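Q: Following this message is one structure expressed as structure tokens.
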Amino acid sequence: MSRYRHQGTMECIVTRWFVHGKFAFLLLCIANVARAEPPSMSYQFGIGMAVRFATRSSFCRDDASCVLGSGAGVVAMMGVRRTEHWYFGGAYEFTKHNAATLLRLGIMQHLRADFRYYIPLADDWGAHLGASPGFIAYGNEWSIQTWGAGLQLRGAVDRRVGGTLLGMGLLWQTAFLREMADPSRPNETDAAYAAGFVNFFGIELHIEALERL
């Protein structure tokens, strides 16, 4: 009789320990989840140098009448990285383009949103894919003689050095621009350059700083 009572007592202790132990483990997991830090957010900003190679278009039919040819310039960018992979920001770019003898200084301005997806690679290396829709304006010096909307698609390789990102990317940019008058004949009302798409292929070098918020 005593042996059976002792056995029943041990079974009760083991059962309580098992049930209470699982409950304690569950409480510990909940506490760890509650204590877990949210994903870090970083502020990212920098500058870059851009080179654009133009293709034939209604704005660049031949060398003599090419009012919007290849060019190069500077881009400034800033945004936030909510996670390790996603970047949301904006950029302003201006590039000086070859305009034959039609413009004194052909300047294209590009104000765009910037969306990127970062892909970690080995060690401090990484890559990202980007898409940037925005507004484009072009004209002599800083005037606006034609304007439109554009989209830039980009792929780049980055190396992280401390809190700095160094990178190089290849890109394709397209834009639809409104008709443009002949700069050499300002008194004529007829458009010398019909509205249409312009396309560029390019290379971009950039340096960006990362600051945790």
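Q: State which residue is surrounded by the fewest Cβ atoms within 10 Å (Cβ to Cβ) when the search covers only segment 166-208 and only residues that are modelled with pLDDT of 95 or more and over 21 Å from LEU151 (Cα atoms).
A: Out of the qualifying residues, it is ILE207.
Q: Kindly indicate the residue of segment 70-95 that is of a type in the set (D, E, K, R) and part of a strand (DSSP E or B) and also farthest from the chain's Cα centre (by Cα) among those meeting that condition.
A: So the first thing to find is which residues in segment 70-95 are of a type in the set (D, E, K, R), and the list is 81-82, 84, 93.
Among the residues that remain, those that are also part of a strand (DSSP E or B) are: 81, 93.
On the way: ARG81: 10, GLU93: 13 Å.
Here the answer is GLU93.
Q: Okay, moving on. Can you tell me how many residues within segment 133-188 are among the hydrophobic types (A, V, I, L, M, F, W, C) and closer than 30 Å to GLU211 by Cα? First the steps, then the outcome.
A: Restricting attention to segment 133-188, the residues satisfying the condition of being among the hydrophobic types (A, V, I, L, M, F, W, C) are 135-137, 142, 144, 147, 149, 151, 153, 156-157, 161, 165-166, 168, 170-172, 175-177, 180-181.
From what's left, closer than 30 Å to GLU211 by Cα: 135-136, 151, 153, 156-157, 161, 165-166, 168, 170-172.
Summing the residues that are among the hydrophobic types (A, V, I, L, M, F, W, C) and closer than 30 Å to GLU211 by Cα in segment 133-188 gives 13.
Q: Look through GLY69, GLY106, GLY79 and report the one residue that is farther than 16 Å from LEU171 by Cβ and touching a Cys at 6+ places or on another chain (Cβ under 7 Å). Step through it out loud before you land on a result.
A: Working: GLY106 fails: touching a Cys at 6+ places or on another chain (Cβ under 7 Å); GLY79 fails: touching a Cys at 6+ places or on another chain (Cβ under 7 Å).
None of the other options fit; the residue is GLY69.
Q: Right, another one. Out of ARG154, ARG160, I need the residue that is charged (D, E, K, R), at pLDDT 95 or above, surrounded by 15 or more Cβ atoms within 10 Å (Cβ to Cβ) and in the same structural domain as SER58 (by TED's automatic domain parsing). Which one?
A: Numbers: ARG160 fails: at pLDDT 95 or above.
Being charged (D, E, K, R), at pLDDT 95 or above, surrounded by 15 or more Cβ atoms within 10 Å (Cβ to Cβ) and in the same structural domain as SER58 (by TED's automatic domain parsing) holds for just one of ARG154, ARG160, which is ARG154.
Q: Now a separate question. Could you please find all residues in segment 108-123 being more than 14 Å from GLY90 (Cβ to Cβ) and among the charged types (D, E, K, R)?
A: The initial filter retains those residues of segment 108-123 that are more than 14 Å from GLY90 (Cβ to Cβ), namely 108, 117-123.
The one that is more than 14 Å from GLY90 (Cβ to Cβ) and among the charged types (D, E, K, R): ASP123.
Q: Okay, next question. Please find, within segment 98-117, the residue that is nearest to the chain's Cα centre (by Cα) out of those that are modelled with pLDDT under 95 and not small (Gly, Ala, Ser). Show your work before the answer.
A: Quick first cut of segment 98-117, residues modelled with pLDDT under 95 only: 98-106.
With the extra rule that they be not small (Gly, Ala, Ser), the set shrinks to 98, 101-105.
Values: ASN98: 27, THR101: 35, LEU102: 34, LEU103: 31, ARG104: 32, LEU105: 28 Å.
Looking at the filtered set, the residue picked out is ASN98.
Q: Still on this structure, I have one more. In segment 92-114, which residues are closer than 11 Å to TYR138 by Cβ and hydrophobic (A, V, I, L, M, F, W, C)?
A: PHE94, ALA99, LEU103, ILE107, MET108
The values are calculated or read from the model by the stated rules, or taken from the named source; none is laboratory data. The model shown is predicted, which means the values in this text are computed figures rather than measured ones. Positions of Cβ are generated from backbone atoms using ideal geometry, with glycine treated the same way; all protein chains shown enter the neighbour counts.
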